[in-house]
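Q: One structure follows; several queries about it will come next.
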Amino acid sequence: MDKDASRAGGDKPDQIIIFDTTLRDGEQCPGATMTFEEKLQVAELLDEMGVDVIEAGFPIASEGDFEAVNEIAKLAKHSVVCGLARANFGDIDRAGEAIKVAKRGRIHTFIGTSPLHRQHQLQLDQDQVHERVVASVMRARQYTDDVEWSAMDATRTEHDYLCRVVEAAIKAGATTINIPDTVGYALPEDYYDLIMMLRNRVPGIER
């Protein structure tokens with residue numbers, strides 16, 4: 001379960017938003033795959049518990065994942081229902097279709113920003129990744145006003161570049177910014193320093 005700390009705006013104090021990834025990230029554990037019915041049971045419980053955001057799945061991954069996210073989107077009474085999508089239009093369109101019936105829906109899109117991810121996984125330069133960030137967030141905003149953007153491998157990303165793409169995501173319409181330590185690279189104090197650096201340097205992050 002992730003905790004997404006976000007400023008409420010104006011002079012209001014910070015608030016903690018509970019963002020639960022059990023139904024998406026939890027399935028990456030060996031032997032932890034859930035049936036369709038089990039996913040609905042877990043989602044119902046999370047909704048009853050008052051979890052703010054349920055990341056219900058990765059709709060492009062399979063027809064089963066799409067159907068589960070779509071059904072959870074229909075059933076959730078309180079929680080925001082979120083679908084995960086890579087930074088390409090096919091993923092985002094599929095996520096948008098899955099959550100469109102939700103009372104409150106979110107698309108969470110991500111792309112690798114570290115040198116290793118840019119060069120070896122994506123084979124893109126800084127400007128090309130920047131363009132993908134902007135395009136993916138704008139595409140997601142066509143389906144929902146609630147868009148989360150993640151800088152995959154953020155803790156190994158150059159600070160100047162991380163500031164640049166976070167600012168770009170905000171300007172493009174992202175309402176939540178996620179700074180993941182994808183490979184478990186950072187110590188707690190490093191993570192604190194990174195978040196404070198972004199809060200101090202990125203225009204618009206207070207929103």
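Q: From the list Val101, Val166, Val183, exactly one residue is closer than 25 Å to Pro59 by Cα and either without any contact (Cβ under 8 Å) to a residue 24 or more places away in the chain or assigned to a helix (DSSP H, G or I) (or both). Which is it? Write out each step before concluding.
A: Numbers: Val101 fails: either without any contact (Cβ under 8 Å) to a residue 24 or more places away in the chain or assigned to a helix (DSSP H, G or I) (or both); Val183 fails: either without any contact (Cβ under 8 Å) to a residue 24 or more places away in the chain or assigned to a helix (DSSP H, G or I) (or both).
Checking each option against the conditions leaves just Val166.
Q: State all residues of the range 151-207 that are modelled with pLDDT of 95 or more, closer than 14 Å to His117 by Cα and hydrophobic (A, V, I, L, M, F, W, C); if no residue qualifies, say none.
A: Ala151, Met152, Ala154, Leu162, listed by residue number.
Q: Condition (residue is touching a Pro at 6+ places or on another chain (Cβ under 7 Å), of a type outside the set (Asp, Glu) and not in a helix (DSSP H, G or I)) applied to the range 130-147: is it met by at least one residue?
A: Filtering the range 130-147 for residues touching a Pro at 6+ places or on another chain (Cβ under 7 Å) gives none.
Within the range 130-147, not a single residue is touching a Pro at 6+ places or on another chain (Cβ under 7 Å), of a type outside the set (Asp, Glu) and not in a helix (DSSP H, G or I).
Q: Which condition number does Ile111 fail, the rest of (1) part of a helix (DSSP H, G or I); (2) closer than 27 Å to Ile54 by Cβ; (3) at pLDDT 95 or above being met?
A: Going through (1) part of a helix (DSSP H, G or I); (2) closer than 27 Å to Ile54 by Cβ; (3) at pLDDT 95 or above one by one, Ile111 breaks only (1).
Q: Give the residues of the range 153-177 that are surrounded by fewer than 18 Cβ atoms within 10 Å (Cβ to Cβ) and under 17 Å from Phe19 (Cβ atoms), sorted by residue number.
A: Thr175
Q: For Ser150, state whether it is of a type in the set (Ser, Thr, Tyr) and crowded, with 23+ Cβ neighbours inside 10 Å. Explain how you work it out, then say what you get.
A: On the way: of a type in the set (Ser, Thr, Tyr): yes; crowded, with 23+ Cβ neighbours inside 10 Å: no.
For Ser150, the condition - of a type in the set (Ser, Thr, Tyr) and crowded, with 23+ Cβ neighbours inside 10 Å - is not met.
Q: Could you tell me whether Val129 is within 27 Å of Val183 (Cα to Cα), among the β-branched types (Val, Ile, Thr), modelled with pLDDT of 95 or more and over 15 Å from the mean Cα position of the chain (by Cα)? Spell out the reasoning first.
A: On the way: within 27 Å of Val183 (Cα to Cα): yes; among the β-branched types (Val, Ile, Thr): yes; modelled with pLDDT of 95 or more: yes; over 15 Å from the mean Cα position of the chain (by Cα): yes.
Here the answer is yes, as Val129 does meet what is asked.
Q: Let me ask something else about it. Just a yes or no: is a residue in the range 50-67 under 17 Å from the mean Cα position of the chain (by Cα), crowded, with 16+ Cβ neighbours inside 10 Å and on the phi > 0 side of the Ramachandran plot?
A: yes
Q: For the range 1-34, which positions are out of contact with any Lys or Arg (no Cβ under 7 Å at 6 or more places or on another chain), at pLDDT 80 or above and farther than 15 Å from His108 by Cβ?
A: Gln15, Thr33, Met34 - these are the residues of the range 1-34 that are out of contact with any Lys or Arg (no Cβ under 7 Å at 6 or more places or on another chain), at pLDDT 80 or above and farther than 15 Å from His108 by Cβ.
Q: Moving to a separate point now. Hey, can you tell me all the residues within the range 148-163 that are assigned to a helix (DSSP H, G or I) and within 17 Å of Ala87 (Cα to Cα)?
A: In the first step, residues of the range 148-163 are kept if they are assigned to a helix (DSSP H, G or I); the result is 154-156, 159-163.
Listed by number, the residues that qualify are Ala154, Leu162.
Q: Scan the range 186-207 residue by residue and report those that are assigned to a loop (DSSP other than H, G, I, E, B), among the aliphatic types (A, V, I, L, M) and within 28 Å of Thr144 (Cβ to Cβ). Before the answer, list the steps.
A: So in the range 186-207, the residues assigned to a loop (DSSP other than H, G, I, E, B) come out as 186-187, 202-207.
Those still in the list that are among the aliphatic types (A, V, I, L, M) too: 186-187, 202, 205.
Correct list: Val202, Ile205.
Q: Which of the residues belonging to the range 39-93 are in contact with a Pro (Cβ under 9 Å, 6 or more places away or on another chain), closer than 20 Å to Gly112 by Cα and part of a helix (DSSP H, G or I)?
A: Answer for the range 39-93, where residues must be in contact with a Pro (Cβ under 9 Å, 6 or more places away or on another chain), closer than 20 Å to Gly112 by Cα and part of a helix (DSSP H, G or I): just Asp91.
The values are calculated or read from the model by the stated rules, or taken from the named source; none is laboratory data. Since this is a predicted model, take the numbers as computed values, not measurements. Every residue, glycine as well, gets a Cβ built from its backbone with ideal geometry; the counts of neighbours run over all protein chains shown.
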